[in-house]
Amino acid sequence: MAESFQEKSEKPTEKKLEEAKKKGQVIRSPELGSCMIILFSSIFLYFSMSYTFQEAFKSYVVSVQTMHTDVNVASIHGILSSGIFKWLALVLPLFGLVTFLSIAGTVAQVGFMWSPQVFNFNPNTLNPIAGIGRFVSVRSLQEVLKSLAKIFVLVYISYSIIKSEFPTILSLVQKDVKFTVGYLGQTGFRLALKLGIIFMFLAGIDYLYQRWQFMRNMRMTKQEVTEEMKEREGNPLIKSRIRSLQREFARRRMLEDAKKADVVVTNPTSFAVALKYMVKEMPAPQVVAKGAGFVADKIKTVAILHGVPIVENKPLARGIFYSVKIGDYIPEKFYLVVAELLAQIYRRKSKVGL
């Protein structure tokens, strides 16, 4: 029970963040995509507005001119086809830009990802009590406050622009249509540009807040971090047991090799090193076993039981023990001492054989 009340004070691990991403839980601010659409669409419309109005006017002139021709199925089909193609030519670029900005706004925040779990049916979404809880939650209040702030900014900027342009707006009744349309387009662009820049700034703040809140919600307890570490690296007790078995296996194998050694060099109480040398097969004597303390005693016991000569040489035993690994050949600095040692043993064996 105590684990359930632990404080979530630890930063989320990479594994938890990856699992959250697979479930579709990512850091994302919906405001950023909307602001990109407002800002870049207004810039696109500003530079393409002249061309758009010209093409629309040409289409209108053509439609008026064709009204004086004979009205039949072919003429009506031609007018509709021309109008549809003209309309698509004017609208599709803007539609493509909005689609691209919508995708780019999401990719810029979360990257390319695919989460099938998002489409899984969750019965809790049909629970009216849970729905009411989400409606009156702190997050819902935050969204309402953000919406009110955006409305306030929109009203304030619109009011400031209209107030500064009010004299010009009153004089539009005396201007021609071309000037009026151009003026309204420029004023609308200024309004959209200011709103886009301010909303982009607010969206950046909202993204930082969403990131902070997401990382805060993803925090873990110390127990969760420990359990994940155990899952990733293995249970320490099991790993310790495996290492113990590996050491035991290596020790047994080493003692088996010690039975075939040519000599065991001892300290005599602290170290024991078993050496083997085959003239035509080895470039130098090889360390087949070594140990200290209890292991050294086991090596000496095996040597006695299998008739392997035991020689006391403290400097040689200590030097080989600390500088040569099991299975390696002794370095050149030990050649002379070991050669003399092996020669004595071979002479002793030959005398016994005689």
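Could you run the Karplus curve 6.51 cos²θ - 1.76 cosθ + 1.60 with θ = phi - 60° over the stretch 265-279 and give me ³J(HN,Hα) per residue in whole Hz, x for Gly and Pro?
Per residue, the Karplus-derived 3J(HN,Hα) values read 9, 10, 8, x, 8, 9, 10, 8, 10, 9, 10, 9, 9, 10, 4 Hz.
Check cross-link reach from Lys259 to the lysines: straight Cα distance under 21 Å, and skip same-chain residues fewer than eight apart.
Of all the lysines, those that pass the test against Lys259 - Cα under 21 Å, at least 8 places apart if same chain - are Lys276, Lys280, Lys290, Lys298, Lys300, Lys325, Lys349.
Using amide H atoms built 1.01 Å from N in the peptide plane, name the residues 5+ places from Arg28, or on other chains, whose amide H lies under 5 Å from its own.
Placed amide hydrogens put nothing under 5 Å from Arg28.
Under 22 Å Cα to Cα from Lys150, which lysines show up? Leave out anything in the same chain fewer than 8 places away.
Candidates past the 8-residue exclusion: Lys163, Lys194.
Per residue of the stretch 178-194, in order, report the coupling 6.51 cos²θ - 1.76 cosθ + 1.60 (Karplus, θ = phi - 60°) as ³J(HN,Hα) in whole Hz, putting x for Gly and Pro.
4, 5, 4, 5, x, 5, 4, x, 5, 5, x, 5, 4, 5, 5, 5, 5
A short reminder: the numbers here are calculations on the coordinates, not readings from a lab. Everything quoted here is computed from the prediction, not taken from an experiment.
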